Amino acid sequence: MTTPTAPATLSSSQQLKGKCALVTGSTSGIGLGIACALAAHGANIMLNGFGDHAAAERLIAGFGVEVDYHGADMSKPDEIEALMAATAKRFGRTDILVNNAGIQHVAPVSDFPVERWDAVIAINLSSAFHTSRLALPAMQAANWGRIINIASVHGLVGSVQKSAYVAAKHGIIGLTKVTALENATTGVTANAICPGWVLTPLVQAQVDTRAKQLGVSIEEATRGLLAEKEPSQQFTTPEELGELAVFLCGPASGNIRGAAWVMDGGWSAQ
Ligand code: NAD
């Protein structure tokens, strides 16, 4: 388990003061980066995920906001209902919903374990349907809300051996569009963010496998991974994704609806 560390540089303000942001899968990686960025702008945070939640809670509390944690397994609708109820009880309602929890499994379609397919679809796609359906009524009543779905460049293009992940990510972009359209005349927006490679535990596992398979160093495997897909040959960072999430919650973003916003070093421009 990786211990969360303080983010490098984040902008800060009080523009989200009094709002509650629920970020699923926020004990590490991108989710934690987004939770930090929202907290740096004053939002209270409900954390979720299977990582070191005490360390994540301390990190968020350092921004001077309220923080809580719920350990719901996002593959289980009844636990998602408990998470949404706990968030409403603690903070009044979910104003900002960031659907971020996700897993990966790599195998060709013909060998893809059925249980892994079901888990990827449940965690990476169906969980966002459940949180959204449960969060929307209070957002609609308040005439303000932000749903940010963490999709992927794999919501726009495919890669071999990632059938379940690519299907789930294409699906969540569809869910984002429909959610945005159904609320288009209200103060509730829904958008997707589509990162390319971000060096988190989820990607580190793929780098490690690549190094082992090719018999090369971690550094060489990392360079190879980037060179294959990303013209910038750079990772996007959780802090950069956090700043984009803050923008999507801000005053200039009210008419951004149903977008699938890439931050992928040029991957999908090719
Ligand atoms: P990560 O492994 O660091 O984070 C995933 C988070 O989800 C963790 O907090 C984990 O505990 C949580 N999680 C996993 N299964 C869960 C479950 N059943 N219930 C609750 N929480 C669960 O990975 P990450 O790279 O930060 O991924 C976050 C999101 O970003 C995912 O949706 C992923 O698909 C997406 N994404 C990642 C990259 C990348 O390059 N890292 C690129 C594009 C999109």
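Tabulated results
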| read-out | value |
| --- | --- |
| Yes/no for Thr200 being within 10 Å of the ligand (Cβ to nearest atom) and open to solvent by 10 Å² or more (accessible area, probe 1.4 Å) | yes |
| Per-region count, the range 28-55, residues part of a helix (DSSP H, G or I), under 22 Å from Ser152 (Cβ atoms) and within 14 Å of the ligand (Cβ to nearest atom) | 9 |
| Only one of Ala205, Ala211, Ala190 that is open to solvent by 40 Å² or more (accessible area, probe 1.4 Å), on the phi < 0 side of the Ramachandran plot and small (Gly, Ala, Ser) | Ala205 |
| Residue that is farthest from the ligand (Cβ to nearest atom), among those in the range 6-27 that are of a type in the set (S, T, N, Q) and modelled with pLDDT of 95 or more | Gln15 |
| Residues that are assigned to a loop (DSSP other than H, G, I, E, B), farther than 14 Å from Ala128 by Cβ and within 11 Å of the ligand (Cβ to nearest atom), drawn from the range 77-108 | Gln104 |
| Meets criteria (modelled with pLDDT of 95 or more, small (Gly, Ala, Ser), at positive phi and crowded, with 24+ Cβ neighbours inside 10 Å) for Gly33 | no |
| Residues of the range 137-164 satisfying the condition of being among the aliphatic types (A, V, I, L, M), surrounded by fewer than 20 Cβ atoms within 10 Å (Cβ to Cβ) and either within 19 Å of Cys194 (Cβ to Cβ) or touching a residue at least 12 places away in the same chain (Cβ under 8 Å) (or both) | Ala138, Ala142, Leu156, Val157, Val160 |
| Yes/no for Glu220 being at pLDDT 95 or above and open to solvent by less than 60 Å² (accessible area, probe 1.4 Å) | no |
| Search result, residues across the range 211-256 that are under 26 Å from Thr185 (Cα atoms), of a type in the set (S, T, N, Q) and assigned to a helix (DSSP H, G or I) | Ser253 |
| Residue match in the range 39-62 (condition: in contact with a strand residue (DSSP E or B) (Cβ under 9 Å, 6 or more places away or on another chain), open to solvent by 60 Å² or more (accessible area, probe 1.4 Å) and farther than 30 Å from Val207 by Cα) | no |
| Subset tally (residues that are away from the ligand (no atom under 14 Å from the Cβ) and of a type in the set (Lys, Arg)) for the range 144-170 | 1 |
| First in the range 9-36 and within 16 Å of His70 (Cβ to Cβ), second anywhere and away from the ligand (no atom under 16 Å from the Cβ) and of a type in the set (Gly, Ala, Ser), Cβ under 7 Å, 6 or more apart | Cys20/Ala43; Cys20/Gly92; Ala21/Ala43 |
| Test: residue in the range 218-237 that is under 30 Å from Leu134 (Cβ atoms), of a type outside the set (Ser, Thr, Tyr) and within 11 Å of the ligand (Cβ to nearest atom) | no |
| Qualifying residue in the range 165-182 (condition: open to solvent by 30 Å² or more (accessible area, probe 1.4 Å), modelled with pLDDT of 95 or more and part of a loop (DSSP other than H, G, I, E, B)) | no |
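The values are calculated or read from the model by the stated rules, or taken from the named source; none is laboratory data. This structure is a prediction, so every number in the text was calculated from the model and none was measured. Counting neighbours? That spans all protein chains shown, and the Cβs are built from the backbone with ideal geometry, glycine included. Ligands, DNA and RNA are excluded from the accessible area calculation, which covers all protein heavy atoms including side chains. Shrake-Rupley method; radii C 1.70, N 1.55, O 1.52, S 1.80 Å.
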